[in-house]
Amino acid sequence: MIIGGSAAGLFAAYLLACDGVRVRLFDANDVLRTSPRTLIATSQLTEVLGFFPSEAIVNRINRIDLFSPHRSATIPMTEPDLVVERAAIVRLLAEKAIQAGAEIRSGYKFLNFAPAVGGVTVKVRNVKLDLIEEFKTATLIGADGAFSRVAKIAERNSRATVPILQAIVRLPSGREADTAQVWFDPETTPYFYWLIPESHDRGAVGLIAEEGCDAKENLERFLACRRLEPIEIQAAKISVYAHTPRPWGRVSDCDIYLVGDAAGQVKVTTVGGLVSGLWGAKAAAKAILGQGNYGKELGPLRRELGLHLLMRSVLNRLSSADYDRLLELLDGKTTHLLGRYTRDELAKMFLRLLVAQPRLVSFAARLLLPRGVPGRVKRFLRRTADVGAQ
Ligand SMILES: Cc1cc2nc3c(=O)[nH]c(=O)nc-3n(C[C@H](O)[C@H](O)[C@H](O)COP(=O)(O)OP(=O)(O)OC[C@H]3O[C@@H](n4cnc5c(N)ncnc54)[C@H](O)[C@@H]3O)c2cc1C
């Protein structure tokens, strides 16, 4: 049984149904009419899905321009990033899951589960009829997003979240449709602002904020500076990856797997959760099909997400001047590597990046050094990083 019929839950449903497993998926909302959201995903999307989701792709990005207050850098992509319409990919995965034999029930809100003989009893509310129904299962997948109730009951824990706010805007004429832009402004967010074009004249401008900071005000100011008018607003809180707790367990005689945002399978550098959530769903499906163990299957994803966590701990410490310095360090070799390996292949790229630009090591080390380290050591590391930037 699966709770949550967005990307992660539906992909697990599709994979399991393809292998002949009886799948029942419940979602509180209408799976075929989910709200639109413009997402950018790396080319690893096709790799993890095993097919190219052409119906959901609205644009391709060949270049990413990065801006700090006084510097800029360009990353030419070897494989283009894909601009994805979430409602379309959810619909596509739902159709595939139904065709493969999965039973999808929209309008059923998961309430709780309790131990039963041979598994657990799952309680859901039929929202339309306002009826409570009970189902028994020995395998439960929680794919119910950042505020996962399955995770809350299984782990007695909630995941950390960050707010994402995005406006769909009309773009001025003559803009390149294949170039995304990213602005670092640590005065207003430790993350960044972005512009992802859907076409020549339409795009998504957004920011990831911190809990408690005024994301709406910051986005409005950002849009006003660029004379962009929002047509539509898309917003939600997204969970972020942490090393613990592990996203699987056993309650009574039932195996419980958490996938997607419910498991915090989100890259904390960019707060991108589409590809990593699908990756988690695939690992859970493999474990259920007896082709592996979820912990083992998740190993590469956890390593990848752990590296993003490490990078985020460096990025969270950067000032505007540090971002200027960082972009200066991005020379031809490093931008080539950043374009050749995707954001979902950090483990493959990481050491290569440090070899190509060793000054990144002193740049990061200075920021990560504990408070007690003498100032002269920090000044030495800053000079070492600066020399490379000249
Ligand atoms: C504005 C915005 C922009 C984003 N941009 C990007 C991007 O560019 N690239 C990227 O990779 N990621 C991006 N993300 C993150 C990405 O959208 C999520 O990581 C991804 O959608 C998570 O998918 P999921 O299937 O795990 O969960 P969700 O999409 O959150 O789906 C959870 C599902 O569970 C259902 N549900 C919840 N509670 C219950 C319940 N009690 N009972 C039954 N059903 C329930 C919900 O109805 C929903 O269908 C963005 C997010 C936002 C908000």
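Values as computed for the structure displayed
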| item | result |
| --- | --- |
| Fraction of alpha-carbon pairs over 36 Å apart in the chain - percent | 27 percent |
| Centroid-to-centroid separation of region 282-346 and region 132-148 [C-alpha atoms, Å] | 29 Å |
| Ranked list, fewest to most other Cβ atoms within 10 Å of each Cβ, for 147, 51 | 51, 147 |
| Rounded tilt (10° steps) of 294-315 against the dominant C-alpha axis of the chain | 30 degrees |
| Residue-averaged 222 nm ellipticity for the chain, from DSSP H runs of 4+ at -39500 (n - 2.57), nearest 500 | -11500 deg cm²/dmol |
| Residues of type lysines that residue 333 reaches as a straight line, Cα spacing below 23 Å, ignoring anything fewer than 8 places off in the same chain | 348 |
| Anisotropy class of region 161-236 from Cα gyration tensor, a/c 1.5 cut | prolate |
| Pairwise centroid distance, computed over Cα atoms, of region 187-213 with region 1-77, Å | 19 Å |
| Antiparallel content of DSSP bridges confined to the chain, in %, to 5 | 75 percent |
| Sorted by Cβ density within 10 Å, fewest first, the residues 113, 222 | 222, 113 |
| In region 312-363, the trypsin sites (Lys or Arg not before Pro) that fall in loop regions by DSSP, at most 15 other Cβ within 10 Å | 317 |
| Fully extended contour minus Cα-Cα distance, from residue 232 to residue 331, at 0.36 nm per residue | 31.9 nm |
| For the chain, the longest site-free run once GluC sites (Glu not before Pro) in DSSP loop states with at most 10 other Cβ atoms within 10 Å are removed | 1-186 |
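Since every read-out is calculated from the coordinates, none of them should be taken as a lab result. These numbers come from a predicted model, not from an experiment. Because the Cβ atoms are built from the backbone with ideal geometry, glycine has one as well, and the counts that use them run over all protein chains shown.
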